[in-house]
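The values are calculated or read from the model by the stated rules, or taken from the named source; none is laboratory data. Only a predicted model underlies this, so the values are computations on that prediction, with no experimental measurement involved. So basically every Cβ, Gly included, is an ideal-geometry build from the backbone, and we count neighbours across all protein chains shown. The protein model used for the area step is the full one, side chains on, heavy atoms only, and it has no ligands, DNA or RNA in it. Shrake-Rupley method; radii C 1.70, N 1.55, O 1.52, S 1.80 Å.
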Amino acid sequence: MPEGNYWANVEDLNKLPYEIVVVSYSHLDDFKGERIHLNDNIKWITAESPSREFQALAWSVGDSVFVRTGRSNAAITVYQTSFGVPDSIEVIKPRVVNVSTDDKIVLAALKVLKKEYKLPIGFSGEQKIVVAPSIGPLVERTSPTEIHINKTLDQDIALNDNLVIDLFKVLYPEFNKTIADARVLPDDIAFSKKNEVALGNVPNKFGIENYLIALFILTLAIERFVAIRRNQ
(Lines give C-alpha, C1' and ligand atoms only; values in the text may rest on other atoms or scores of the structure.)
Protein backbone atom coordinates (compact mmCIF):
# COMPACT_ATOMS: atom_id res chain seq x y z
CA MET A 1 0.00 0.00 0.00
CA PRO A 2 1.35 3.48 -0.78
CA GLU A 3 2.53 5.51 2.20
CA GLY A 4 0.93 8.75 3.28
CA ASN A 5 -2.19 8.06 5.33
CA TYR A 6 -3.16 4.45 5.91
CA TRP A 7 -6.47 5.23 7.61
CA ALA A 8 -7.59 7.43 4.71
CA ASN A 9 -6.61 4.64 2.28
CA VAL A 10 -8.49 2.02 4.32
CA GLU A 11 -11.56 4.25 4.39
CA ASP A 12 -11.57 4.01 0.58
CA LEU A 13 -10.94 0.24 0.66
CA ASN A 14 -13.84 -0.28 3.06
CA LYS A 15 -16.20 0.84 0.30
CA LEU A 16 -15.14 -2.01 -1.99
CA PRO A 17 -16.95 -5.40 -2.01
CA TYR A 18 -13.87 -7.51 -2.89
CA GLU A 19 -11.63 -9.72 -0.79
CA ILE A 20 -8.53 -7.57 -0.26
CA VAL A 21 -5.09 -8.35 1.18
CA VAL A 22 -2.91 -5.41 2.19
CA VAL A 23 0.83 -5.85 2.84
CA SER A 24 2.34 -2.83 4.54
CA TYR A 25 5.21 -1.73 6.78
CA SER A 26 2.54 -0.10 9.02
CA HIS A 27 4.84 2.76 9.93
CA LEU A 28 3.48 4.75 12.86
CA ASP A 29 3.89 8.13 11.16
CA ASP A 30 1.72 7.01 8.24
CA PHE A 31 -1.38 6.59 10.44
CA LYS A 32 -2.95 10.04 10.57
CA GLY A 33 -6.28 11.27 11.90
CA GLU A 34 -8.82 9.11 13.72
CA ARG A 35 -8.50 5.36 13.98
CA ILE A 36 -11.13 3.53 11.90
CA HIS A 37 -12.33 -0.06 11.61
CA LEU A 38 -11.19 -2.59 9.03
CA ASN A 39 -13.94 -4.44 7.14
CA ASP A 40 -14.02 -8.24 7.42
CA ASN A 41 -13.20 -8.63 3.71
CA ILE A 42 -9.83 -6.88 4.20
CA LYS A 43 -6.81 -8.72 5.60
CA TRP A 44 -3.99 -6.46 6.85
CA ILE A 45 -0.47 -7.96 6.95
CA THR A 46 2.43 -6.02 8.46
CA ALA A 47 5.74 -6.77 6.78
CA GLU A 48 9.01 -6.64 8.70
CA SER A 49 10.26 -3.08 8.72
CA PRO A 50 14.00 -2.50 8.21
CA SER A 51 15.73 -0.47 10.91
CA ARG A 52 17.02 2.97 10.05
CA GLU A 53 20.00 5.01 11.21
CA PHE A 54 20.14 8.66 10.27
CA GLN A 55 21.54 12.05 11.14
CA ALA A 56 18.55 14.24 11.97
CA LEU A 57 20.11 17.58 12.89
CA ALA A 58 23.47 19.31 13.11
CA TRP A 59 24.16 22.66 14.73
CA SER A 60 27.10 24.67 15.98
CA VAL A 61 27.52 26.42 19.31
CA GLY A 62 30.71 28.47 19.39
CA ASP A 63 33.50 26.30 17.98
CA SER A 64 31.65 23.04 18.69
CA VAL A 65 29.41 21.11 16.28
CA PHE A 66 26.66 18.89 17.68
CA VAL A 67 25.08 16.10 15.64
CA ARG A 68 21.72 14.61 16.57
CA THR A 69 21.80 10.96 15.44
CA GLY A 70 18.71 8.77 15.41
CA ARG A 71 18.21 5.01 15.39
CA SER A 72 14.75 3.67 14.64
CA ASN A 73 13.29 0.19 14.42
CA ALA A 74 9.82 -1.32 14.60
CA ALA A 75 9.58 -0.79 18.36
CA ILE A 76 11.39 2.44 19.24
CA THR A 77 13.15 5.54 17.95
CA VAL A 78 16.00 6.91 20.07
CA TYR A 79 18.36 9.84 19.63
CA GLN A 80 21.85 10.69 20.78
CA THR A 81 23.57 14.06 20.68
CA SER A 82 27.34 14.08 20.29
CA PHE A 83 30.23 16.15 18.99
CA GLY A 84 31.13 15.47 15.39
CA VAL A 85 30.92 16.41 11.73
CA PRO A 86 27.74 15.43 9.85
CA ASP A 87 27.98 13.30 6.71
CA SER A 88 25.62 15.16 4.43
CA ILE A 89 23.23 17.42 6.31
CA GLU A 90 23.68 21.15 6.77
CA VAL A 91 25.18 22.52 9.96
CA ILE A 92 22.91 25.25 11.34
CA LYS A 93 24.02 27.94 13.75
CA PRO A 94 21.05 28.40 16.10
CA ARG A 95 20.04 31.81 17.31
CA VAL A 96 20.25 32.63 20.98
CA VAL A 97 16.65 32.51 22.22
CA ASN A 98 15.73 34.29 25.44
CA VAL A 99 12.41 33.36 26.98
CA SER A 100 10.45 33.76 30.20
CA THR A 101 7.65 31.70 31.68
CA ASP A 102 5.81 31.31 34.98
CA ASP A 103 4.85 27.70 34.28
CA LYS A 104 7.04 25.03 35.91
CA ILE A 105 6.29 22.38 33.27
CA VAL A 106 7.20 24.75 30.42
CA LEU A 107 10.39 25.60 32.29
CA ALA A 108 11.21 21.91 32.58
CA ALA A 109 10.69 21.44 28.83
CA LEU A 110 12.97 24.40 28.07
CA LYS A 111 15.68 22.90 30.29
CA VAL A 112 15.46 19.68 28.27
CA LEU A 113 16.14 21.68 25.10
CA LYS A 114 19.00 23.55 26.74
CA LYS A 115 20.71 20.57 28.38
CA GLU A 116 19.90 17.66 26.07
CA TYR A 117 19.89 19.50 22.72
CA LYS A 118 22.69 21.91 23.78
CA LEU A 119 20.69 24.84 22.43
CA PRO A 120 21.58 28.45 23.40
CA ILE A 121 18.43 29.22 25.39
CA GLY A 122 18.48 32.03 27.94
CA PHE A 123 15.87 33.16 30.42
CA SER A 124 16.07 36.95 30.22
CA GLY A 125 12.51 37.24 28.92
CA GLU A 126 12.63 38.68 25.39
CA GLN A 127 9.97 36.13 24.38
CA LYS A 128 7.21 35.33 26.84
CA ILE A 129 5.64 31.85 26.93
CA VAL A 130 2.21 31.86 28.53
CA VAL A 131 -0.35 29.12 29.18
CA ALA A 132 -3.56 30.45 27.62
CA PRO A 133 -6.04 27.61 26.92
CA SER A 134 -7.59 28.05 23.50
CA ILE A 135 -8.39 26.20 20.29
CA GLY A 136 -5.31 25.49 18.26
CA PRO A 137 -2.03 23.55 18.34
CA LEU A 138 -0.41 22.86 21.70
CA VAL A 139 2.31 25.47 21.09
CA GLU A 140 1.62 28.49 18.90
CA ARG A 141 3.54 31.68 18.20
CA THR A 142 1.10 34.58 18.42
CA SER A 143 3.59 37.44 17.95
CA PRO A 144 7.37 37.95 17.66
CA THR A 145 7.55 38.29 21.45
CA GLU A 146 4.83 35.90 22.68
CA ILE A 147 4.16 32.17 22.44
CA HIS A 148 0.96 30.54 23.69
CA ILE A 149 0.46 27.08 25.17
CA ASN A 150 -3.14 26.31 24.24
CA LYS A 151 -3.82 23.72 26.95
CA THR A 152 -3.68 23.74 30.72
CA LEU A 153 -0.59 21.65 31.30
CA ASP A 154 -0.05 18.62 33.46
CA GLN A 155 2.62 15.93 33.22
CA ASP A 156 0.51 13.63 31.01
CA ILE A 157 -0.18 16.38 28.46
CA ALA A 158 3.48 17.45 28.47
CA LEU A 159 4.61 13.90 27.70
CA ASN A 160 1.84 12.59 25.45
CA ASP A 161 1.37 15.78 23.43
CA ASN A 162 5.13 16.23 22.97
CA LEU A 163 5.59 19.63 24.57
CA VAL A 164 9.39 19.53 24.17
CA ILE A 165 9.25 18.85 20.44
CA ASP A 166 6.55 21.45 19.80
CA LEU A 167 8.48 24.13 21.71
CA PHE A 168 11.57 23.18 19.72
CA LYS A 169 9.72 23.61 16.43
CA VAL A 170 8.32 27.02 17.38
CA LEU A 171 11.51 28.42 18.90
CA TYR A 172 13.77 27.05 16.12
CA PRO A 173 11.68 26.65 12.95
CA GLU A 174 14.87 26.44 10.89
CA PHE A 175 15.56 23.04 12.50
CA ASN A 176 12.40 21.33 11.26
CA LYS A 177 13.53 18.23 9.38
CA THR A 178 11.94 15.00 8.20
CA ILE A 179 12.75 12.21 10.65
CA ALA A 180 13.33 8.65 9.37
CA ASP A 181 10.95 6.99 11.82
CA ALA A 182 10.70 3.21 11.36
CA ARG A 183 8.36 2.45 14.30
CA VAL A 184 5.38 0.22 13.56
CA LEU A 185 1.84 0.52 14.89
CA PRO A 186 0.89 -2.98 16.13
CA ASP A 187 -1.95 -4.68 14.26
CA ASP A 188 -4.05 -5.16 17.40
CA ILE A 189 -4.38 -1.41 17.95
CA ALA A 190 -4.07 -0.15 14.36
CA PHE A 191 -7.80 -0.51 13.69
CA SER A 192 -10.90 -0.18 15.84
CA LYS A 193 -13.75 -2.67 16.07
CA LYS A 194 -16.86 -1.73 14.14
CA ASN A 195 -18.81 -0.62 17.20
CA GLU A 196 -15.85 0.74 19.10
CA VAL A 197 -15.50 4.45 19.80
CA ALA A 198 -12.54 5.89 17.93
CA LEU A 199 -9.58 6.67 20.14
CA GLY A 200 -8.81 9.88 18.28
CA ASN A 201 -5.42 10.90 17.01
CA VAL A 202 -2.58 8.52 17.76
CA PRO A 203 0.45 10.45 19.02
CA ASN A 204 3.35 9.73 16.69
CA LYS A 205 6.31 11.35 18.41
CA PHE A 206 8.01 9.55 21.27
CA GLY A 207 11.60 9.31 22.39
CA ILE A 208 14.09 10.13 25.09
CA GLU A 209 12.59 13.62 25.52
CA ASN A 210 9.61 12.10 27.36
CA TYR A 211 11.88 10.61 30.01
CA LEU A 212 13.96 13.78 30.29
CA ILE A 213 11.01 16.11 30.83
CA ALA A 214 9.60 13.72 33.45
CA LEU A 215 12.97 13.86 35.22
CA PHE A 216 13.03 17.66 35.15
CA ILE A 217 9.45 17.87 36.47
CA LEU A 218 10.45 15.58 39.34
CA THR A 219 13.55 17.70 40.01
CA LEU A 220 11.47 20.87 40.17
CA ALA A 221 9.07 19.23 42.60
CA ILE A 222 11.96 18.17 44.84
CA GLU A 223 13.51 21.65 44.72
CA ARG A 224 10.17 23.18 45.72
CA PHE A 225 9.80 20.74 48.62
CA VAL A 226 13.32 21.53 49.89
CA ALA A 227 12.65 25.29 49.63
CA ILE A 228 9.44 24.94 51.65
CA ARG A 229 11.25 22.93 54.35
CA ARG A 230 13.98 25.57 54.58
CA ASN A 231 11.44 28.32 55.09
CA GLN A 232 9.65 26.52 57.92
Could you tell me whether Lys115 is within 15 Å of Phe168 (Cβ to Cβ) and in contact with a helix residue (DSSP H, G or I) (Cβ under 9 Å, 6 or more places away or on another chain)?
-> yes
Taking region 53-73 and keeping residues at pLDDT below 85 and either of a type in the set (D, E, K, R) or closer than 30 Å to Lys193 by Cα (or both) leaves Asp63, Arg68
Where in region 110-194 are there helices (runs of 4 or more DSSP H), lying wholly inside it, with at least 1 residues that are in contact with a strand residue (DSSP E or B) (Cβ under 9 Å, 6 or more places away or on another chain) and touching a residue at least 60 places away in the same chain (Cβ under 8 Å)?
-> 163-171, 187-190
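Yes/no per residue for (1) more than 28 Å from His27 (Cα to Cα); (2) under 20 Å from the mean Cα position of the chain (by Cα); (3) basic (Lys, Arg); (4) modelled with pLDDT of 90 or more:
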| site | (1), (2), (3), (4) |
| --- | --- |
| Leu153 | yes, yes, no, no |
| Phe168 | no, yes, no, no |
| Pro173 | no, yes, no, no |
| Ala182 | no, yes, no, no |
| Asp188 | no, no, no, no |
Exception for Val65 within (1) touching a Leu at 6+ places or on another chain (Cβ under 9 Å); (2) open to solvent by less than 50 Å² (accessible area, probe 1.4 Å); (3) of a type in the set (Val, Ile, Thr) falls at (1)
Which condition breaks for Pro86 when tested against (1) outside any loop (DSSP other than H, G, I, E, B); (2) over 14 Å from Leu185 (Cβ atoms)?
-> (1)
Identify all residues within region 117-174 that are open to solvent by 20 Å² or more (accessible area, probe 1.4 Å) and among the hydrophobic types (A, V, I, L, M, F, W, C); write none if there are none.
-> Phe123, Val130, Val131, Ala132, Ile135, Leu153, Ile157, Leu159, Ile165, Val170
Among residues of region 9-31, those that are open to solvent by 40 Å² or more (accessible area, probe 1.4 Å) and either under 18 Å from Thr77 (Cα atoms) or hydroxyl-bearing (Ser, Thr, Tyr) (or both), counted = 3
